[in-house]
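These notes concern the structure reproduced below.
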Amino acid sequence: MMHTIRVDRVLRETVNTSYSDLVTRATGRAVRTSIRQTIAGLEGGTALLDFSSVGLVDFSCADEVVAQLLLEKTDDVIVVLGGLREDHTETIEHVLTHHALAVVVQESPDGCPRLLGLVDREAQEVFERLHAHGAADAETMGQHLGWDAERAQDALDTLVRLRLVRQEGLTFAPLPLP
Amino acid sequence: MPEADEVRRYWVRAGFFGPAAELFELHGKVPKVKVEELSDVLLSVTAVRAMEDVHGVVGRIQEGAARILTNELGLEPAATARFGMALSEACQNIVEHSGTSGWVAVHAYTFRRRLGGRRVVVIAVGDAGVGFRRSLEATQARRFGDRWGDAAALEAAVIQEVSRFRDPGRGQGLPGIKRYLLRWQGKLSIRSGTARIAIVPPWDEDVPMTESLPPFPGAQLQIVIPAKEGAPTT
């Protein structure tokens, strides 16, 4: 189940501003609290934070809205980002890297998701393979990539720890995205 | 009022007298300037007292900033947002660290001597607060030992990128500003207490650190963003 949260609307409702810019740490904290409340009302699935109508995002606000939200863990709901401009991407990547975090970015419903933040190359490769070919266990993934199962398992564990894929028993699956 | 007409007129264009009248008794006549003389003023002197003021500053400046940064300075279109971020972080430093209010202004100039007529945009932020040394003293003084002072505090904040907050998410503003300035060959300088630190681009001949200056309470931060090489000169 995918739930879209329009970040510009949360900003206007929370801070009562006529501007669409996500700036200042205080604003970020208020927006994150509001997003957190929305997520708490969801029963699992994926929450897509839609930045498409957001103006600029500064480092302090990106840290509060995205990095701190990912650090809080959001129960059974996994957070993904969408509608990012080049400057949003750059700022959010900076704060995620600072915290050794990563997030899935879904640019368009028909486009391939990608990772943003600090992820090693092996986890990146496994992520792309999962999205291209669907769910797999570590052994199958290792065979696909010409790796031993342990190496594939390590990469999959990294992705699970960062909440970038789902684990069901021994099988690892991409996040449900539109 | 300053005696020199040129200075008086510059201060009018900068919007200095409005905020100044709240703090000083002004004597003398404020000259009038023509609207066209104001075209280089992206943001007149504006008070920053709270986080809401930062929203206002960033929101108001974007249209004018886009015009000057892309058309006159020849920077990439995304530079407007990056500029807004740098401005926002610089203003937040006042609210977060100074313990009082401050002011910000943004102007475009032509640097004839240093850049051979290239245009620049300058962000100037100042406050009369506690300054960098007092702001960082509780967390950094022991680490520096006898070296601790205004220069060491500026070095800790600007070069070592430390924050007074223990939260690991804090202190990303100045490093973010530095990253953009590196990309644009921009200059950052901060004066606080008796010291001044500068990140000096190749086109400038400033020194990285100056000490034993007359004491200045609070902090003055200046960011200079030059036109790309090859952009039209005046």
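The values are calculated or read from the model by the stated rules, or taken from the named source; none is laboratory data. Worth saying up front: this structure is predicted, and the values here are computed from it rather than measured. Because the Cβ atoms are built from the backbone with ideal geometry, glycine has one as well, and the counts that use them run over all protein chains shown. Side chains are part of the model used for accessible areas, which takes the heavy atoms of the whole protein and leaves out ligands, DNA and RNA. Shrake-Rupley method; radii C 1.70, N 1.55, O 1.52, S 1.80 Å.
Scanning region A:26-52 for residues that are facing chain B (nearest Cβ under 8 Å) and either more than 19 Å from A:THR91 (Cβ to Cβ) or buried (at least 22 other Cβ atoms within 10 Å of the Cβ) (or both) returns a single hit, A:THR27. The set of residues in region B:143-174 that are within 14 Å of chain A (Cβ to nearest Cβ) and either open to solvent by 40 Å² or more (accessible area, probe 1.4 Å) or more than 17 Å from B:GLN220 (Cα to Cα) (or both) comprises B:GLU161, B:VAL162, B:SER163, B:ARG164, B:PHE165, B:ASP167, B:PRO168, B:GLY169, B:ARG170, B:GLY171, B:GLN172. Taken together, A:ARG121, A:ARG129, A:ARG114 contain a single residue that is of a type outside the set (Val, Ile, Thr) and within 12 Å of the chain's Cα centre (by Cα), which is A:ARG114.
A single member of B:ASP167, B:ASP150, B:ASP204, B:ASP127 is at negative phi and under 16 Å from the mean Cα position of the chain (by Cα), and it is B:ASP127.
Remark: B:VAL41 falls outside the filter, which requires a residue to be in contact with a Gly (Cβ under 6 Å, 6 or more places away or on another chain) and more than 10 Å from every other protein chain (Cβ to nearest Cβ). Tallying residues that are touching a residue at least 60 places away in the same chain (Cβ under 8 Å), open to solvent by less than 20 Å² (accessible area, probe 1.4 Å) and assigned to a helix (DSSP H, G or I) within region B:103-142 yields 2. Within region B:62-100, being more than 13 Å from the chain's Cα centre (by Cα), more than 29 Å from B:GLY230 (Cα to Cα) and either of a type in the set (Val, Ile, Thr) or open to solvent by 20 Å² or more (accessible area, probe 1.4 Å) (or both) holds for B:VAL95, B:GLU96, B:HIS97, B:GLY99, B:THR100. No other residue among B:PRO215, B:PRO202 is surrounded by fewer than 18 Cβ atoms within 10 Å (Cβ to Cβ) and more than 24 Å from B:ARG82 (Cβ to Cβ) apart from B:PRO215. From the list B:GLY186, B:GLY116, B:GLY131, the lone residue that is under 27 Å from B:TYR10 (Cα atoms), touching a strand residue (DSSP E or B) at 6+ places or on another chain (Cβ under 7 Å) and away from chain A (no Cβ under 14 Å) is B:GLY186. When region B:58-82 is filtered for residues that are aliphatic (A, V, I, L, M), in contact with a helix residue (DSSP H, G or I) (Cβ under 6 Å, 6 or more places away or on another chain) and free of Cβ contacts under 8 Å to residues at least 60 places away in the same chain, the ones remaining, listed by number, are B:VAL58, B:ALA65, B:ALA66, B:ALA78, B:ALA81.
Return yes when B:GLY176 is farther than 10 Å from B:ASP150 by Cβ and either free of Cβ contacts under 8 Å to residues at least 12 places away in the same chain or of a type outside the set (D, E, K, R) (or both) and no when it is not. Against the criterion (farther than 10 Å from B:ASP150 by Cβ and either free of Cβ contacts under 8 Å to residues at least 12 places away in the same chain or of a type outside the set (D, E, K, R) (or both)), B:GLY176 qualifies.
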